[in-house]
């Protein structure tokens, strides 16, 4: 029997029903765990990433033809071959590339050309996935621009009031 330490005390790993990866990993190194307890009640607790590794069951070689499509901060994408899968008892399989286990914003390109995205769904083609990634990036840029403009507008009235009161700026 294996136990892992969490913020709620020790939990028997055989009773863990799911692990929700916080994206990105919190700065303090914690991951969120959902633990099934008696009568269907759930307990949410936090633990170190290293403790979650106790839930890894195996690493298996990947079938040729699968790639990770990484989404960069600027909305661009690039592929990287998947060489293995880290299979967890309670998580979706995690792709492993030559650089290691993949986290962050990515899709999995399948041999049939479809792209699946953890927790979001599936795109019929890589082009559909890339269009979506570019659109999401554009929305983020527009949102950031609107926030900057709002910040400038909030500062402007103070300057106007100073000029109106005869105060030199």
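The numbers here are math on the coordinates, done by the rules we state, and not lab data. Please read these numbers as outputs of a predicted model, since none were measured by experiment. Ideal geometry is used to build each Cβ from the backbone, glycine not excepted, and the neighbour counts take in all protein chains shown.
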What distance in nm lies between label points placed 7 Å from Cα along the C-beta direction at residue 83 and residue 128?
3.1
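Go ahead and run the numbers for FRET between residue 119 and residue 3, Cβ-Cβ distance against an R0 of 22 Å, rounding to 0.05.
Values: r = 28 Å, r/R0 = 1.27.
So the FRET efficiency works out to roughly 0.20.
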Which of the three applies to region 62-163, rounded, prolate or oblate, going by the alpha-carbon gyration tensor with a ≥ b ≥ c and a/c under 1.5 meaning rounded?
prolate
